[in-house]
Amino acid sequence: QAVMGVQVVVSLLAASVMQKMAPHCSFARWLLCNGSLHRYKHPSEEELCALAGKQRPKAKRDRRMNGVTDDKPLSVPRDINLRLDTSPITAVDALVLRYFLEYQWFVDFAVYAAAVYVFTEGYYCLADPQKETNIGVLWCLLTVVFSVKVFFTVMRHYFRSEEGGERSVCLTFAFFFLLLAMVALVIREDYLEFGLEPGLASVSSNLEGILKQRGWEWTLPLAKLAFKLGLVALCSFLGACLTFPGLRLAQTHLDALRMAADKPLTQL
């Protein structure tokens, strides 16, 4: 009998490949730097002066020789005909973005988790192991946990901002989803069928025997209440975490549709 099963070996192999290949081959980095996204180049001072009809700014050495020591900022009119050049986004450009490394690691982990899950499902279909735990499900659960962590990091960044009203929006949506979750729990399952009550009844029946043996059967209603309160708090937290990513994604989608108004195929 082998010390490690096939799933453990594949999981260790996937983790090792992910660690070794991430600096050289990254699916997340390819998504941003495959040439489909472009950035605008910043114009030089010479171009701005030429469009504004001003003289070219002198070098610091010439200004010191002429007795000019103060560095006045260059001001140009707002109505100049300025056309910015575009350039494909490269990995060097993406590295300066906030949370790019977290994004790259999470997307790569999700890709490897999907590969491990597909392998384990195929392994279960072909070999039909009875005494082995499906490690692919564990990889999927870790992906969900890490996604919540990334969302929480982004929400914390917006929550710390003192300008723009991000903190108020986060709190507003947190209370909104809290109220929505409480309403969903109050409504009977004849109208909203989540399957929560049958599952909770099954868990309660299993816990009842264990609690009666120790004389703690009085804690069963408290356990039910704590579970529901925890579920409501989790829904409120997830709603607050998904607020700003959802709003920014919707705004980006609208901007993309507006920019591709004359390209129906691109809009699809």
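All of the numbers you see were taken from the coordinates with simple rules; none came from a lab. Since this is a predicted model, take the numbers as computed values, not measurements. Here Cβ is always computed from backbone atoms with ideal geometry, including for glycine, and neighbour counts include all displayed protein chains.
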Once you list every other residue whose beta carbon is under 12 Å from the beta carbon of ALA223, what net charge do they have if Lys and Arg are +1 and Asp and Glu are -1?
-> 0
Amide H contacts of ARG39 (H built 1.01 Å from N, under 5 Å, at least 5 apart or other chain) | SER87, ILE89
Pick from PHE173, PHE194, PHE159: which residue has the top mean-square fluctuation in a GNM of the chain where Cα pairs under 10 Å get a spring?
-> PHE194
State whether the stretch 163-268 is rounded, prolate or oblate according to the following rule on the C-alpha gyration tensor (a ≥ b ≥ c being the square roots of its eigenvalues): a/c under 1.5 gives rounded; otherwise a/b larger than b/c gives prolate, and the remaining case gives oblate.
-> prolate
Mind running the shape call on the stretch 151-195? Use the C-alpha gyration tensor, a ≥ b ≥ c as the square roots of the eigenvalues: rounded below 1.5 for a/c, prolate if a/b tops b/c, oblate otherwise.
-> prolate
Among THR172, THR143, THR252, which one moves the most in a GNM of the chain with springs linking Cα atoms closer than 10 Å?
-> THR252
Quick one: angle between helix 100-127 and the longest Cα principal axis of the chain, in degrees between 0 and 90, rounded to 10, please.
-> 40
Rank the residues LYS228, LYS41 as a footprinting-exposure proxy: fewest other Cβ atoms within 10 Å of their Cβ go first.
-> LYS41, LYS228
Highest-first arrangement of 178-191, 21-34, where packing means the average Cβ count within 10 Å = 21-34, 178-191
Kirkwood-Stokes translational diffusion coefficient of the stretch 222-268, alpha-carbon pairs, 10 °C, 1.306 mPa s, µm²/s | 119
Measuring from the longest principal axis of the C-alpha atoms of the chain, the long axis of helix 196-214 (C-alpha) lies at a number of degrees, nearest 10, equal to 60
Which shape class, rounded, prolate or oblate, goes with the stretch 85-164 when its Cα gyration tensor gives a ≥ b ≥ c as root eigenvalues, a/c under 1.5 marks rounded, and past that a/b bigger than b/c marks prolate?
-> oblate
Enter the angle in degrees (range 0 to 90, nearest 10) between the Cα long axis of helix 6-21 and the first principal axis of the Cα atoms of the chain, meaning the one along which they spread out most.
-> 10
